[in-house]
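Trainee: Before we start, here is the structure in question, set down as structure tokens.
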């Protein structure tokens, strides 16, 4: 039901202005400026990157299922196939008792790392306490293994004290959730001679789909990260696990490089030449920068008159589609300027 609720919310907000693939890319957390801007534009940033392991064939099967249940309907326009939510879909959303909270755009990169570190750290400390060092790591990711090895050296000999600290902090933070949700979270943990359950096993035990189990855990991770971030002193150990992650900014590495050039007074054309990139790629970076930085100097790129013209065209077109707006504005107004104005306007509305 969580997965259905998310998809129907996406279809409702997008309202036929994008194809279903845009939702797939959103849930996967595709690092394209179009996907990131859509997340902001359609107020779906909370869902960005929350289902990174989603496969396209599984996603397409779910879309077909929603259609067969008449929760969405297919529309054809301008050579694109889009979907809109039906009256039954609206009724589903209205009656759905979903209390899961996501903050995808903020935590999509951090959630998995937090989980993997915590799982492997608990497994390492519980086995170390028992003097058993031949266990098979539950997480097989080099970066996570390196992090745990480095920090375990500082923890060796303090296993009992630290495990009690982890227990106390998890007990405290899991009070945010229902008993069922807390049980699902705890049953994922691996300790000495006790391997945590897989998403499939949990779905069987709790009579849930694998999609819903995965998304439930992702939602819990986001809420835990938010709670720990807001109270680092109250959750000192969990804060220790994630503190280096929370300092990262949202800009992609390439956009951040462009940002450094912009701060030094270079134009988009000069940056493109110096970085051997297309100017349109630099424009993509500038839109991304506008979304994530305060006090972006939009008048350096779009005059106030053209900004107003774009916003009036958006209202007249009753659409966020760039083509629809471009048909109305002056011929000299570029797609880049339209995207930039929409990005800034949407950010101001939050």
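The values are calculated or read from the model by the stated rules, or taken from the named source; none is laboratory data. In this text the structure is predicted, and so the values were computed from the model without any measurement. Cβ: placed from backbone, ideal geometry, glycine included. Neighbour counts: every protein chain shown.
Trainee: State which residue pairs qualify: first residue over 14 Å from residue 191 (Cβ atoms) and inside region 131-148, second residue in a loop (DSSP other than H, G, I, E, B) in any location, beta carbons under 8 Å apart, and separation of 6 or more residues or different chains.
Mentor: Matching pairs, first to second residue: 145/137; 145/139.
Trainee: Determine, yes or no, whether residue 49 is closer than 23 Å to residue 110 by Cβ, crowded, with 21+ Cβ neighbours inside 10 Å and in contact (Cβ under 8 Å) with a residue 40 or more places away in the chain.
Mentor: When the stated conditions are applied, residue 49 passes them.
Trainee: Applying the selection to region 203-216, what residues are free of Cβ contacts under 8 Å to residues at least 60 places away in the same chain and within 20 Å of residue 101 (Cβ to Cβ)?
Mentor: 206, 208, 213
Trainee: Any chance region 10-21 includes a residue that's assigned to a helix (DSSP H, G or I), under 18 Å from residue 209 (Cβ atoms) and either modelled with pLDDT of 95 or more or in contact with a helix residue (DSSP H, G or I) (Cβ under 6 Å, 6 or more places away or on another chain) (or both)?
Mentor: Within region 10-21, one or more residues are assigned to a helix (DSSP H, G or I), under 18 Å from residue 209 (Cβ atoms) and either modelled with pLDDT of 95 or more or in contact with a helix residue (DSSP H, G or I) (Cβ under 6 Å, 6 or more places away or on another chain) (or both).
Trainee: Within region 22-31, count every residue that is closer than 18 Å to residue 286 by Cα and either touching a helix residue (DSSP H, G or I) at 6+ places or on another chain (Cβ under 7 Å) or in contact (Cβ under 8 Å) with a residue 40 or more places away in the chain (or both).
Mentor: 1
Trainee: If you don't mind, another one. Taking region 162-210 as the region of interest, how many residues are within 19 Å of residue 121 (Cα to Cα) and not in a helix (DSSP H, G or I)?
Mentor: Total meeting the criteria: 12.
Trainee: Filter region 332-347 down to the residues that are in contact (Cβ under 8 Å) with a residue 24 or more places away in the chain and either part of a helix (DSSP H, G or I) or surrounded by fewer than 18 Cβ atoms within 10 Å (Cβ to Cβ) (or both) and list them by number.
Mentor: Those that are in contact (Cβ under 8 Å) with a residue 24 or more places away in the chain and either part of a helix (DSSP H, G or I) or surrounded by fewer than 18 Cβ atoms within 10 Å (Cβ to Cβ) (or both): 336, 337, 338, 339, 340, 341, 342, 343, 344, 345, 346, 347.
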